[in-house]
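Undergrad: Before I ask anything, let me first share the structure, which is written out below as structure tokens.
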Amino acid sequence: MEAVQFLQDQFCKTKTVNPGAVSNDTTVTHEVFEKGQGGIYLVGPYVLARFVNSVGTDKIEVLPVPKGPSGGPGTLGEGENVYMMAGSENQEGQKKFAEFAVSPEGQRIGMNKDANGAIVRLPVNTTVDMAAERQDPRWKVFQESYEHAVYAPPVPNWAPIRQTSADSINAVWADCSADVKTAMDELNNKLTQELQSQKAS
């Protein structure tokens, strides 16, 4: 609650946040940052190569997300998955692809050095040295952040939890008269109901 209140104050009192931040989608937010209309952007490592090209490497600094009021990690980690189709007639081929994707060679190919379009941001295979693959030292900040990140909890369906949280928190930031405690209590109730409906609580 303290963190949400702090950020509401950034929107409403100190006015340090871009006015459209709550409703801007990813495409617009990228452009706002690239045009210099926003100075700090919380985003994943997958856009580093793009911003180096569009803004200039000397103008990009990567900083870890600060720890919250509880003193815990500031980053919520999420990973990517290799999906296999249940109805595929080539189950063995899918299994071999998944095994290759997490192999050292597959991870290196997926990382794509420092170039844009990497499908592997940080290697999951511990035998792959990220620093040897990526030459941009700013990637180390991402790696260190994820080493201490809290990962999204294993629930059957994370999407509604993330969306409900985003909707509630964005509503508080968009309405300076909104009471943060009331809104967070309501969010807590919604999330509890969602977890119960998923039989995850």
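Undergrad: Label-point separation (nm) for ASN157 and ASP185, each offset 7 Å from Cα along Cα-to-Cβ?
TA: 2.9
Undergrad: If you split all Cα-Cα distances of region 97-201 into 5 Å bins from zero, what percentages do you get per bin, shortest first?
TA: 2, 10, 15, 13, 12, 12, 13, 11, 9, 3, 0
Undergrad: Sticking with this structure for a sec: Taking amide H positions as placed in the peptide plane 1.01 Å from N, state which residues far from GLY77 in sequence (5 or more) or on other chains have amide H under 5 Å from it.
TA: Excluding prolines and chain starts, which carry no amide H, the hits are VAL150, TYR151, ALA152.
Undergrad: Before rounding to the nearest 500, sum -39500 (n - 2.57) across all DSSP H runs of length at least 4 in the chain and divide by the residue total; then give [θ] at 222 nm in deg cm²/dmol. Display every interim value, and only then the final one.
TA: On the way: 9 runs with 93 residues, N = 201.
One gets -13500 deg cm²/dmol as the mean residue ellipticity at 222 nm.
Undergrad: At R0 = 25 Å, how high is the FRET efficiency between ILE109 and ALA86 if r is their beta carbon distance? Nearest 0.05 is fine. Don't skip to the answer; put the middle values down first.
TA: Working: r = 26 Å, r/R0 = 1.05.
Efficiency at R0 = 25 Å is approximately 0.45.
Undergrad: Find, among the chymotrypsin sites (Phe, Trp or Tyr not before Pro) in region 78-118, those assigned to loop by DSSP (not H, G, I, E, B) with at most 13 other beta-carbon atoms within 10 angstrom.
TA: On the way: sites: TYR83, PHE97, PHE100; in loops: TYR83.
Of the chymotrypsin sites (Phe, Trp or Tyr not before Pro), the ones in loops of region 78-118 whose Cβ has at most 13 other Cβ atoms within 10 Å are TYR83.
Undergrad: Sticking with this structure for a sec: At a Cα cut-off below 14 Å, give the aspartates and glutamates reachable from LYS190, other chains included and same-chain residues fewer than 8 away excluded.
TA: ASP167
Undergrad: Ordering LYS190, LYS199, LYS96 from largest to smallest accessible area (1.4 angstrom probe), what's the sequence?
TA: Ranking LYS190, LYS199, LYS96 by accessible area, largest first, yields LYS199, LYS96, LYS190.
Undergrad: Could you give the radius of gyration (one decimal) and Dmax (whole number) of the Cα atoms in the chain, in Å?
TA: For the chain, the Cα radius of gyration and maximum Cα-Cα distance read 19.6, 59 Å.
Undergrad: While we're here: For the chain, which span is the longest to avoid every loop-located (per DSSP) member of GluC sites (Glu not before Pro) having at most 16 other Cβ atoms inside 10 Å?
TA: Numbers: sites that count: GLU61, GLU78, GLU80, GLU89.
After excluding every exposed loop site, the longest remaining stretch is 90-201.
The values are calculated or read from the model by the stated rules, or taken from the named source; none is laboratory data. All figures in this text were calculated on a predicted structure; none of them were measured in a lab. Virtual Cβ from ideal backbone geometry, glycine too; neighbours counted across all protein chains shown. Ligands, DNA and RNA are stripped out before the accessible areas are found, and what is left, the full protein with its side chains, is counted by its heavy atoms. Shrake-Rupley method; radii C 1.70, N 1.55, O 1.52, S 1.80 Å.
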